[in-house]
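The values are calculated or read from the model by the stated rules, or taken from the named source; none is laboratory data. Keep in mind that what you see is a predicted model, and the values were worked out from it rather than measured. Positions of Cβ are generated from backbone atoms using ideal geometry, with glycine treated the same way; all protein chains shown enter the neighbour counts.
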Amino acid sequence: MRLDRVLFGLRLWPCWAALALSAVLAPSARAELNASNQPTAPPTERTRLVSFAPPNGQATLRLRPSQPAPPWFFGLRADEQVTRATLRLSHSFSPGLTPGRAQIRVLLNGQVVATLPMPRAPAPDGQGRPGGVTREIPLAPSALGRYNQLRLELLGQEAATDTCPAPSATAPADATWVDIASDSRLSLTVRPQAVEKDLALLPEPFFDPADTMPPRLPFVFAATPTDAALRAAGMAASWLGVLADWRKPRFPVHLDTLPPGHALVFATNTESPAFLAAPGLAQPPFTGPELRLLDHPRDPTARLLLIGGRDGAELVRAAQALVLGTAGLSGAQARVLTASPAPPRLPYDAPNWVRLDRPMRFGELITSAGQLQVSGQAPPPVSISLRIPPDLFTWRSPGVPVDLKLRYTPPNAQATAAGGQARVTMRINGEAVQTMALSPSGRGGAAARVVLPLLDTGLLSDSREVLIPAFKLGSRNQLDYVFEFGAPTDPACGETRPDSLRAMIDADSRIDFSGHPHYAEMPHLGYFATSGFPFTIHADLAQTVALLPQAPAVPEIEVLLALLARMGASTGYPATRLQIARGEIQGEPAALQGRDLLMVGAPDRLPLLHTWRDAWQATLDDHGTTEAALLGFESPLTPGRSVVAVTAFKPEHYTQVLDLLDQDAAIYTLHGGAVLLPGKQGAAAHSVPARHGYTTGQLPFWTAIWYPLSGHPVLLALMAVLAVLVLAFALWRSLKATAERRLGEPGG
């Protein structure tokens with residue numbers, strides 16, 4: 001993440017030093033030298049705002065005494081120090097709360113940091129809604145860690161009556177609430193600080209998992225990047241994409257110039273940025289594949305990661321060691337010893353994708369056991385992410401089976417009577433699939449009660465067989481389990497305390513995607529936008545060639561790196577076997593045959609794309625002015641292989657493509673063989689069906705016959721009628737022949 005810094009002052013070198021250095025340094029190196037010898041500015045403070053958006057797009061977050069609100073999570077970068085923290089809390093509350101008795105309790109990392117008595121209710125606004133109150137609560141910076149959670153609780157509801165309410169009566173908590181407004185936020189004043197120069201800390205500070213902002217990490221090359229440098233950068237970008245996951249990283253490219261802040265630098269002994277020869281940053285020649293951490297000459301809090309070798313092959317080996325973690329990295333620099341490369345990945349074995357050869361345990365789909373556990377009267381859902389290959393063919397499938405195993409606190413009988421049945425609802429991508437009742441005695445009765453040391457409480461055990469409709473699944477899915485324990489109850493009446501309610505999905509629950517063939521009708525740019533398909537069939541991109549212009553422009557390199565980061569986020573594996581090619585390739589080169597091609601560049605800068613214009617030109621001509629486009633078509637070199645081209649008519653238009661792909665809602669609407677971006681203010685991207693389709697994968701024999709016919713019911717009906725007529729004619733001929741034989745027999 002790029003930091004804002006201010007440089008103060010200017011110290012000039014004596015004239016004789018400048019003249020002496022001008023004889024040995026290139027002009028760009030001299031410029032870097034002059035800049036690097038300016039006095040470094042002291043670290044400057046800046047303010048970060050952490051917004052707390054209510055869940056599910058709601059306008060407010062409602063607190064009730066019996067329903068603790070879900071915590072807000074936020075992190076702090078290792079290269080930043082918090083000097084001041086202030087929580088700005090905007091809220092309104094119900095008239096049923098007693099002023100001075102009801103309180104909002106603020107907990108930071110499990111510790112109470114503030115207790116806010118409820119004031120007298122302000123006058124309602126013009127629409128009759130309760131008036132709002134805004135408070136600012138200072139937080140001690142020393143109470144903050146790398147990973148933090150902030151929780152709000154409402155305490156002290158109206159005094160209970162002498163008699164407990166009947167089960168059908170409304171619980172007191174229904175009239176006691178506090179709404180936290182969406183403009184509540186945490187303000188953090190941070191000061192940059194230097195981190196230790198130790199490769200063992202990687203990926204920090206270049207990527208910090210505690211930072212939820214989209215990473216912007218500069219990549220630095222020599223004036224003319226080589227294929228090896230671009231391949232090494234592609235590996236690094238996809239590796240950072242694996243780490244960043246949903247954060248959507250981008251990588252500003254700098255040729256022969258040093259940007260501010262953290263950066264990755266790619267160099268060899270013969271091809272390196274000129275500033276690496278400047279005093280104060282001059283590096284000894286590489287003696288093999290190496291990784292070096294360098295101080296930034298103009299920023300004492302920033303670091304440079306130098307990835308290099310004596311030649312391009314060693315540069316690639318250094319990048320492979322970085323992204324695969326095969327080298328024992330420690331200290332400020334490390335030389336990569338000779339090691340055998342990682343074996344090629346098998347098709348569809350991406351670490352982030354579901355297994356297709358066997359059922360998967362839920363424990364394999366999460367990063368920590370806590371993801372499967374929730375607590376409270378109306379707890380947040382248990383969420384599990386499922387990434388599925390887009391070509392998984394589920395036609396006529398009854399569904400994806402789930403063997404679900406539950407553990408939960410027995411629901412209170414009075415609460416169930418007052419507020420409806422306790423239940424768990426399974427949702428896929430926000431749509432309810434099935435709702436299951438939570439029995440007070442469990443499906444197996446009292447004998448099913450178990451004690452889990454993890455939760456240290458008595459829980460009921462239950463198991464269900466559930467089918468997820470296959471048509472509800474896409475490339476990226478979220479499976480949610482929403483627990484409800486009935487209406488809130490009054491602890492004063494001896495009923496179950498809401499904060500003692502627990503529920504969990506057993507990690508041994510299973511989901512089975514096995515047994516389905518692979519088949520897809522192409523081109524389909526929606527598959528590329530959501531999962532990088534078909535390139536990500538091999539997680540290491542072993543069957544992919546990236547084709548760039550002979551002299552790629554900075555925006556074209558940035559687009560390629562961003563696309564590779566997206567593929568890394570999809571597969572969970574870096575692009576270690578990606579190949580790079582340049583635009584002067586003519587004819588039908590063997591290096592491109594049998595490969596999927598990812599092309600970045602304008603048609604007039606990519607001769608091969610221009611040669612294949614019959615596959616895409618008509619699409620552009622039929623839809624008016626287009627500034628940028630995504631194009632998909634079958635490779636003219638190899639049937640069944642795919643070409644995806646990212647093209648723009650001006651370099652500055654490439655960002656439109658990346659901006660589109662960063663919109664989660666928009667990419668699910670993409671389809672066809674072309675996505676056109678008109679560039680007009682407010683104009684949406686337009687998907688265009690392909691004129692010539694093709695297929696990938698293979699279907700079983702009978703499925704291959706019936707599936708194409710399923711889209712033509714009239715033809716299928718005519719074929720059925722024809723089959724009946726043929727069968728009737730054959731039966732008639734058979735009966736006629738039998739009758740003639742009988743009549744021809746003696747005595748017939």
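Here is how the numbers come out for the structure above:
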item: Spans of strands (runs of 3 or more DSSP E) in the range 214-314 with at least 2 residues among the charged types (D, E, K, R); result: 290-296, 299-309
item: Check on A350, hydrophobic (A, V, I, L, M, F, W, C) and surrounded by fewer than 18 Cβ atoms within 10 Å (Cβ to Cβ); result: no
item: Helices (runs of 4 or more DSSP H) (entirely within the range 631-748) containing at least 3 residues that are surrounded by 10 or more Cβ atoms within 10 Å (Cβ to Cβ) and under 33 Å from the mean Cα position of the chain (by Cα); result: 654-661, 664-667
item: Tally, over the range 337-355, of residues that are in contact with an Asp or Glu (Cβ under 9 Å, 6 or more places away or on another chain) and under 15 Å from G325 (Cβ atoms); result: 1
item: Residue that is surrounded by the fewest Cβ atoms within 10 Å (Cβ to Cβ) [pool: residues in the range 263-278 that are under 35 Å from the mean Cα position of the chain (by Cα) and not hydrophobic (A, V, I, L, M, F, W, C)]; result: E271
item: Residue list for the range 496-555, restricted to those being surrounded by 19 or more Cβ atoms within 10 Å (Cβ to Cβ), closer than 30 Å to V382 by Cβ and in contact with a helix residue (DSSP H, G or I) (Cβ under 6 Å, 6 or more places away or on another chain); result: M504, I505, S509, A529, T530, S531, G532, F533, T536, A539
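Rundown of residues vs (1) modelled with pLDDT under 85; (2) not assigned by TED's automatic domain parsing to the domain that holds L97, yes/no style:
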{"site": "P167", "(1), (2)": "yes, yes"}
{"site": "I180", "(1), (2)": "no, no"}
{"site": "D183", "(1), (2)": "no, no"}
{"site": "P205", "(1), (2)": "no, yes"}
{"site": "F219", "(1), (2)": "no, yes"}
{"site": "P225", "(1), (2)": "no, yes"}
